[in-house]
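S.K.: Got a structure here, written out as structure tokens. Questions coming.
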Amino acid sequence: MCGIAGILDLRSKCDSALGINVAAMIRTLAHRGPDAEGIWTDPRAGVALGHRRLAIVDLSSAGHQPMISLNERFVISYNGEIYNALELAAELRDRGIVLRGHSDTEVILECCSLWGIEDCVERLNGMFAFTVWDRLNRTLTFVRDRCGIKPVYWAKFGSLFLFGSELKALQAHPDFVDELDRDAIASFVRYGYIPAPSSIFRNVFKLEPGHILTVDSAGAVRDRCYWDIRKVAMNSVGQARPERARQGVVDELDELLNDAVRRCMISDVPLGAFLSGGIDSSTVVALMQANSPRPVSTFTIGFDETGFDEATHAKAVAAHLGTHHNELYVSDRDLLNIVPRLSYYFDEPFADPSQIPTFLLSELTHRQVTVALSGDGGDELFGGYPRYFQAERLWKAFSWIPLSARPQVAMVLNGFSRLARSSPRMASLLALDVPPVEDRWHKLCDFLSMGDSLALYRQLQSSWPRPEDLVLNARESRGLHWDSKIAQELPQLMDQLRLVDFLTYLPDHVLTKVDRATMSTGLEARVPLLDHRVISFAWSVPSAMHARHGEGKSLLREVLARYVPTQLFERPKRGFMPPLASWLRGPLKEWADDLLDEQVIRDQGILNPQMVRARWHAHGQPAGRKEEWCSPLWNVLTLQAWLANRKNSRPTEVAERHAAIC
């Protein structure tokens, strides 16, 4: 696992500043690769590639990057792990290719030389983000793995192209233009993340999962999709397995997951796993332990606040499996230490409060191991989110209302909301808590006015259902959450929602959080549930087979039950959520007060200060209203923290100060 960065500058040749600039860029990624640094330049072509290495497989200098192919045509800078590298290496040797070491980097490079970049990528099983410079054709190619586990940012400023694992690398270039994208900010306050391909800056993009982007010597850009989950979903659903084959399906899933986990356990450095005690992480750890001759090291984070602590469940699962278990309970000091650092690692606003325990968990884990397996992806693949079932219930409840009548129904609901808002007595009679109900009914009225299932789901996921009211002079981009073709392609509502999440929430929210948190400490996270073979299998199973009795992940539960007693994991899904409301009333209150100062927000000219202060005031009201505003407030707080940190010095200087502190 590593950090990559580079430059393609078509403006001038023989530029001596290339090496200086790429060195500054790669220096910002030292946390991703603490073991080595490498730079390769071709001033005549205007190309510079940089690399920071976290050595996992082949710790020798034979794995050093950037790496040049045996035929000297290709140069690669690569971040990731290829789990079928041994099989591919054997195939290369059968073709007479003598490898210099046993790194997966060299395997990718020689596969590109033998088969071409696109054919090579289709053969890879793993997580990866890399760039390849073709010295013959003078083209620079960027590749991102199928699920978006590893990140790639790229930017175009005239004839200058920049790329990197994180935005801070691009920002370190002297010609980077950091113009805010208000439309992206509108998407952020709705979802808590910025959906790809957008970023917080104009002309700066995330390469989408499963895509290859090529820049030629004339500066022309070609972006193509080599692995389309929509096609995988449609083709697999059309070949769905019958319900009567359930036992065989569970057997096949068990075997497939075992193989995926075994592949993820290949490492030349110490390896462990995150364990929350939930179904996904417990399944991964159970299969790891089943394939390990010694106790697996497991790690978890706990909270002292009742109702939020799942560390006890993780400890029980670990005890049953016989792992070497480690846990850390979050203190106020931990919070005050990590929160100011979040903006540095994420580079753009990111608002999942579980980012805090995930960072702390990564720090805990890195004290003992260099690689950790994680259970991410299970909810999107196997239908585990409660919101899927909530959306289905709401859709069934309101789908009978004719589209022509829905505006009238919305008017009635808005009338109740106005009555409750204007009359405390009426609110009491209706048993309504005004601010939460007002927000929920706004979401419901929006759904009624749009009249389709994805609109409902969009509102269920929205912290700020009307982001253009909050973000001044913004026009929110309409991406996959508005794509009506998805409902035509997949008739089952759960399949539609799983697909939308897989394309948006999973790479841009879940995997981004895990990547930044783990890489902040030089820890590699692997996600065996996102083996592309597991993905195809999950889509080949009918939705009804994933869900039973109003709960998802039925097949995954049956696999886990073969290794862990059901009483240790059968409980309502909680997620990795911290006690945010109490934190904002306690140790983080002063921090939040400063960031939400009305005059500060007004001077920035980005958000509506009255809306923000109204929500912050509502959060401070008597119990029953506080929890409702946590999510929208956290979105605003992380944006404000990012804006405040943006005033700091350039990323290279910030990186140097951070390295000195750590």
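Laboratory data are not the source of any read-out in this text; all were calculated from the coordinates shown. Quantities reported herein were computed from a predicted structural model and do not represent experimental measurements. Every residue, glycine as well, gets a Cβ built from its backbone with ideal geometry; the counts of neighbours run over all protein chains shown.
S.K.: To the nearest µm²/s, what D does Stokes-Einstein give for region 267-394 at 37 °C and 0.692 mPa s, using the Kirkwood radius over alpha carbon pairs as Rh?
M.R.: Details: Rh = 16.0 Å.
This corresponds to a translational diffusion coefficient of 205 µm²/s.
S.K.: Same structure, new question: How would region 62-114 be classified by its alpha-carbon gyration tensor: rounded, prolate or oblate, with rounded meaning a/c under 1.5 and the a/b versus b/c comparison settling the rest?
M.R.: Details: a/c = 1.71, a/b = 1.13, b/c = 1.51.
In terms of gyration-tensor shape, oblate.
S.K.: ARG367 versus GLU551, label points 7 Å from Cα toward the beta carbon: distance in nm?
M.R.: 3.4
S.K.: Assuming 0.36 nm per residue, please report the length gained on full extension of the stretch ASP593 to ARG135 beyond their Cα-Cα distance. Provide the component values of the computation, followed by the final result.
M.R.: On the way: separation 458, 0.36 × 458 = 164.88 nm, distance 5.43 nm.
So the chain would gain 159.5 nm between ASP593 and ARG135.
S.K.: Set the Förster radius R0 to 56 Å, insert the Cβ-Cβ distance between LYS396 and GLU255 as r into 1/(1 + (r/R0)^6), and round the FRET efficiency to 0.05. Don't skip to the end; give the middle numbers.
M.R.: Details: r = 36 Å, r/R0 = 0.65.
Efficiency at R0 = 56 Å is approximately 0.95.
S.K.: Using a 10 Å cut-off on Cβ atoms, rank the peptides 43-50, 478-485, 125-132 from the highest mean neighbour count down.
M.R.: By packing density, highest mean first, the sequence is 125-132, 43-50, 478-485.
S.K.: Taking one equal scatterer on every alpha-carbon of region 157-295, how large is log10 of I(q)/I(0) by Debye at q = 0.13, 0.14 1/Å?
M.R.: Log10 of I(q)/I(0), two decimals: -0.96, -1.02.
S.K.: Ok, one more. Antiparallel versus total DSSP beta bridges in the chain: what percent is that, nearest 5?
M.R.: Numbers: 56 of 72 bridges.
Around 80 percent of the beta bridges assigned by DSSP in the chain are antiparallel ones.
S.K.: In addition: Just need log10 I(q)/I(0) for region 2-227 at q = 0.08, 0.15 Å⁻¹, Debye formula, equal scatterers on the alpha-carbon atoms, no solvent, rounded to two decimals.
M.R.: Treating every Cα as an identical point scatterer, log10 I(q)/I(0) equals -0.27, -0.96.
S.K.: Right, next: Listed highest first by mean packing, meaning other Cβ atoms within 10 Å per residue, what order do 201-209, 261-269 come in?
M.R.: Values: 201-209: 20.3, 261-269: 18.4.
Taking the mean over residues of other Cβ atoms within 10 Å, the ranking is 201-209, 261-269.
S.K.: If the chain between ARG585 and ASN84 were fully stretched, how many nm would it gain, using 0.36 nm times the residue separation less the Cα-Cα distance?
M.R.: Between ARG585 and ASN84, full extension yields an extra 175.4 nm.
S.K.: Oh, and also: Alpha carbons only, please: Rg and Dmax for region 290-345, in angstrom.
M.R.: 14.6, 41
S.K.: What is the spread of the Cα atoms of region 140-207 along each of their three principal axes, largest first, in whole Å?
M.R.: 33, 29, 17
S.K.: If you don't mind, another one. Report, in cubic angstrom per residue, the convex hull volume of the C-alpha atoms of the chain. Intermediate values should be presented prior to the final figure.
M.R.: On the way: hull volume 106.8 nm³, N = 662.
In the chain, the Cα convex hull volume per residue is 161 Å³.
S.K.: HN-Hα J couplings of region 179-190 from phi, Karplus 6.51/-1.76/1.60, θ = phi - 60°, integer Hz, Gly and Pro as x?
M.R.: My calculation for region 179-190 gives 8, 5, 9, 5, 5, 5, 5, 4, 4, 4, 5, 6 Hz in order.
S.K.: Kindly put THR298, THR323, THR214, THR312 in sequence by how many other C-beta atoms sit within 10 Å of each C-beta, fewest to most. Display every interim value, and only then the final one.
M.R.: Working: THR298 29, THR323 25, THR214 19, THR312 11.
Final ranking by Cβ density, sparse to dense: THR312, THR214, THR323, THR298.
S.K.: Given 10 °C and 1.306 mPa s, compute D for region 533-603 with the Stokes-Einstein relation, Rh being the Kirkwood radius over Cα pairs; round to the nearest whole µm²/s.
M.R.: Details: Rh = 16.5 Å.
Stokes-Einstein gives a translational diffusion coefficient of 96 µm²/s.
S.K.: Hey, fewest Cβ within 10 Å first, where do TYR345, TYR457, TYR226 land in order?
M.R.: Values: TYR345 21, TYR457 24, TYR226 15.
In order of increasing Cβ crowding within 10 Å: TYR226, TYR345, TYR457.
S.K.: Could you give the length gained by full extension between ALA290 and ALA62, i.e. 0.36 nm per residue of separation minus their alpha carbon distance, to one decimal place?
M.R.: On the way: separation 228, 0.36 × 228 = 82.08 nm, distance 3.27 nm.
Here the segment from ALA290 to ALA62 would lengthen by 78.8 nm.
S.K.: Between ARG478 and ARG533, how high is the FRET efficiency from 1/(1 + (r/R0)^6) when r is the Cβ-Cβ distance and R₀ = 30 Å? Nearest 0.05.
M.R.: Working: r = 33 Å, r/R0 = 1.11.
Computed FRET efficiency for ARG478 and ARG533: 0.35.
S.K.: Provide GLU327, GLU255, GLU380 in ascending order of the number of other Cβ atoms located within 10 Å of each residue's Cβ, fewest first. Don't skip to the end; give the middle numbers.
M.R.: Values: GLU327 17, GLU255 11, GLU380 27.
Least crowded to most crowded, the residues run GLU255, GLU327, GLU380.
S.K.: How would you order 187-196, 93-102 from highest to lowest mean count of nearby Cβ atoms within 10 Å? Could the numbers behind the result be given before it?
M.R.: Working: 187-196: 24.5, 93-102: 12.2.
Packing proxy ranking, top to bottom: 187-196, 93-102.
S.K.: Turning to a different aspect of this structure: Decide, for region 447-575, between rounded, prolate and oblate: order the square roots of the alpha carbon gyration tensor eigenvalues as a ≥ b ≥ c, take rounded if a/c falls under 1.5, and otherwise choose prolate if a/b is larger than b/c, else oblate.
M.R.: In terms of gyration-tensor shape, oblate.
S.K.: Between rounded, prolate and oblate, where does region 37-92 land on the alpha carbon gyration tensor, with a ≥ b ≥ c its root eigenvalues, rounded for a/c under 1.5, else prolate if a/b exceeds b/c? Let's see the in-between values first.
M.R.: Details: a/c = 2.48, a/b = 1.51, b/c = 1.64.
Because a/c hits 1.5 or more and a/b fails to exceed b/c, region 37-92 counts as oblate.
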